[in-house]
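Nothing in this text is a laboratory measurement; each read-out follows from the coordinates by a stated rule. No experiment lies behind these values; they were computed from the predicted model shown. Note: ideal-geometry Cβ built from the backbone for every residue, glycine included; neighbour counts use all protein chains shown.
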Amino acid sequence: MDRLSSYASRDSDSKDTIEAKREAEEDATRKLLERVKISEEPGPTEAPETKQNGTAEPAKESKKEKSEQESLPGVSVEAPKEDTGAESKSALPGDIKLYEVFYDQVVNLVKTRGLPIQDTIALLVSLANLALNIYPNKLEYVDQILEFATQKTLEHADSADLHSAPAQSSLLNLLLAPIHSYASIFTALSLPNYIPLYAAQSYPTRRAVAGDISRNILRSKTLISTTESLDNVLRVLKVLIKEGMQQPLGYPGMSTQRRGETDETLEEQGWLARIVHFIQGSNNDIQFKLLQATRTAYLEGNERIRYTTPAIITASLKLARHLKKREHFEDNFQSQSTALFRFMHQCVSTLYQRVNSGCAELSLRLFVLCGQVADEVGFEEFSYEFFAQAFTVYEDSISDSRAQFQAVCILVSALYGTRNFSRENYDTLITKAALHGSKLLKKPDQCRAVYLASHLWWVMDSPQPEGEEPKVVYRDGKRVLECLPRALRVADACMDTAVSVELFIEILNRYVYYFDQQNESVTIKYLNGLIELIQSNLQSNQVDGSINSSLENPKRHFQRTLEYIKSRDL
């Protein structure tokens, strides 16, 4: 069998293109599923059929068994017309039923000789390769082999031979053979008996198959576009999502060491996250359903959602922008977008609640990102709620001073880019951001956060086409002037002179910016006063006519700022 399958494989490699093979497989899959559906419908009791070897086998269990018997030699069954094309592609004459002969002999050999399970599976692997290479469009042949393998696996579930290395290796080869032979992995996953055989295997075997399928999807950039395909993929990937993880110990909310997450499992979680980006439904409604199904499956990973939630959120934000583009072509834009933003809110909230402090910073970033896109597509209420949740995460779970400074910078930057808030909501959010910035622990961080927050009261819209003036969005010069002197006082309170002078220069740059942007509250006297303050600090730290080495960089920064001011004739 191995020689025949190898010969057929070499003979068929040069004949069909990948696209032609994929189309033929899709057609064969559809016909097989239709045949299985018909066979599962209740019908009259079938009479026993006699096999070639003279033994009678009653058709008592299921219609699937009847379809298996019909494929055996000696049973006269009219071949469907649509399958003649598959036979014509075989390297053998059409009247030679090679597969039926070998299958019948293998089954009889197993039953009469009582072969060990490892030898049985090895024979089935050879038979599967024969069917895949000689009859590539006869999916029912491969499915028949998988069904027989499932029966034997369940019969020997408690046998030590089944868990031996040769048996496990053969089972792995049997499960991977259709994956590697068919042009599309969905052809193999659609076989009625593939998933049952896969589910009956041990954890290492299932993990190896799931890893191979994951790499196959990523390597070939296979798109998952239907609910059936996604369901089959997720059923296989469940072993990577949920199993093999160490259960957390202790009370809820306690910080636990993730000892069960090895480098291999982290790599597998990366595969799961990347697969999300290959989920592309044929329309927006289907895409949303696919994302919902993916999220439901990934939730079984508990704390592992820290690795997969960002990918789901990214795909959801992409869908939100697609919905916006179709706003004037579809009547249900509002309801679709509302459901999508609620879905994103649930995803990030679940991440924050399950992982808590371990993902506080990630949760804040995701809430902010969702808020930005919600504002971009014109959903002010959702955008406000996302930003409010981000502030809640900041207040409740972010305590590290450096992380707090980064979080404030993220919030300020995101709020600066919003365009659809009402004045009241915008003022509430930016005031909150400035307040948190003014309460940071370290003086340099506090100073920088305050002067960065000043930009929230002097917003310029994105660049306009040539000949058009930039659109003024929100400006309050007095509030800007409240922030800058406050930042100046914080900088003056720093004990390190070099740090203090550097902060003075950074604040001077802000004054120059606002003066250049025609903020009437920022007059020339503020610039002159700050320049004199910086010069006096530099002069007071000179030793024997030379400046302190720690002030070299601030001095060069100051000189570049003065050169810019001269070039602008300020």
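A simple spin-label model places pseudo-atoms 7 Å from Cα toward Cβ; at residue 282 and residue 435 they are separated by 5.2 nm. Derived scalar couplings between HN and Hα for the stretch 169-178 equal 5, 5, 4, 4, 5, 5, 6, 7, 4, x Hz in order, rounded to whole Hz, by the Karplus curve 6.51 cos²θ - 1.76 cosθ + 1.60 (θ = phi - 60°), x for Gly and Pro. Here the extension length gained between residue 493 and residue 97 equals 133.4 nm, from 0.36 nm per residue of separation less the Cα-Cα distance.
Extension gain, residue 396 to residue 413: 0.36 nm times the residue separation minus the Cα-Cα distance gives 4.0 nm. Sorting the segments 478-487, 413-422 by their mean number of nearby beta carbons within 10 angstrom, highest to lowest, gives 478-487, 413-422.
When the pairs 221/325; 31/242; 31/324; 289/432; 242/324; 325/432 are compared against a 29 Å limit on Cα-Cα distance, 31/242; 31/324; 289/432; 242/324; 325/432 fall above it. With a cut-off of 16 Å on the backbone N, the residues of the stretch 506-537 near the modelled label site 7 Å out from residue 547 along Cα-Cβ are 506-509, 531-537. Counting neighbouring beta carbons within 10 Å and listing from fewest to most, the residues 359, 447, 370 come out as 359, 370, 447. Computed from backbone phi, the HN-Hα couplings of the stretch 274-280 come to 5, 4, 4, 6, 9, 8, 9 Hz, rounded to whole numbers (Karplus: 6.51 cos²θ - 1.76 cosθ + 1.60, θ = phi - 60°; Gly and Pro given as x).
Put in order of Cβ neighbour count within 10 Å, fewest first, the listed residues 401, 126 become 401, 126. Counting beta carbons within 10 Å around each of 322, 277, 328, 436 and listing the fewest first gives the order 328, 322, 277, 436.
Given a Förster distance of 30 Å, report the FRET efficiency between residue 119 and residue 216 from their Cβ-Cβ distance, rounded to the nearest 0.05. My answer for the efficiency is 0.55. Compute the Cα gyration tensor for the stretch 383-511, then decide on rounded, prolate or oblate, letting a ≥ b ≥ c be the square roots of its eigenvalues: rounded whenever a/c is under 1.5, prolate when a/b is larger than b/c in the other cases, and oblate in all that remain. Oblate, since a/c reaches 1.5 and b/c is not below a/b. With both labels modelled 7 Å from their Cα along Cα-to-Cβ, the residue 342 to residue 231 distance reads 2.4 nm.
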